[in-house]
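Working notes for the structure below.
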Amino acid sequence: MTIRLKKNDNVMVLAGKEKNKIGKIIRINKITNRVYVEKINMIKRHMKPRSSQEPGGIIDKEASINISNVGLYCSKCKKAVRFSLKVDENNDKKKIRICKKCGSEV
Ligand SMILES: [Zn+2]
């Protein structure tokens, strides 16, 4: 499977208890096909105290989601959409992604 999502992409969760929530990808693990999305799928983690600045205790932390359960979010369509890749001739041939539904860059 080709992963066409990257860090800082806005994605919508497509399945599971966080379905329909929107967040930004903070980390991708391409080996396990899992993504970490900001403020999505939060879990409680027990931290050991490391210093006086980090006293430890219970913190909230993102747990990973399978990459197939998130989709690139189009802010115009207000949903996860399919997209195609296009080379932007005006911008150093940078690859951009176009929403297949509304045609805007996502
Ligand atoms: Zn769209």
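Brief remarks follow.
- Per residue Cα convex hull volume in Å³ - calculated over the range 46-106: 175 Å³
- Which listed pairs, of 7/94; 19/78; 19/95; 79/100; 44/78, have C-alpha distances above 22 Å, in listed order: 19/95; 44/78
- Phi to ³J(HN,Hα) by Karplus 6.51 cos²θ - 1.76 cosθ + 1.60 over the range 61-68, Hz, x for Gly, Pro: 9, 6, 9, 6, 10, 5, 4, 6
- Amide H to amide H distances under 5 Å link residue 15 with 20, where only residues 5 or more positions off or on other chains count and H is placed in the peptide plane.
- Rounded FRET efficiency, nearest 0.05, which uses the C-beta distance separating residue 24 from residue 54 and R0 of 22 Å: 0.35
- Expressed per residue, the C-alpha convex hull volume of the chain stands at 144 Å³.
Bear in mind that the values in this text are calculations on the coordinates, not laboratory data. What you are looking at is a predicted structure, and each value in this text was computed from that prediction instead of being measured. When we count neighbours, we look across all protein chains shown, and the Cβ atoms used for this are built from the backbone with ideal geometry, even at glycine.
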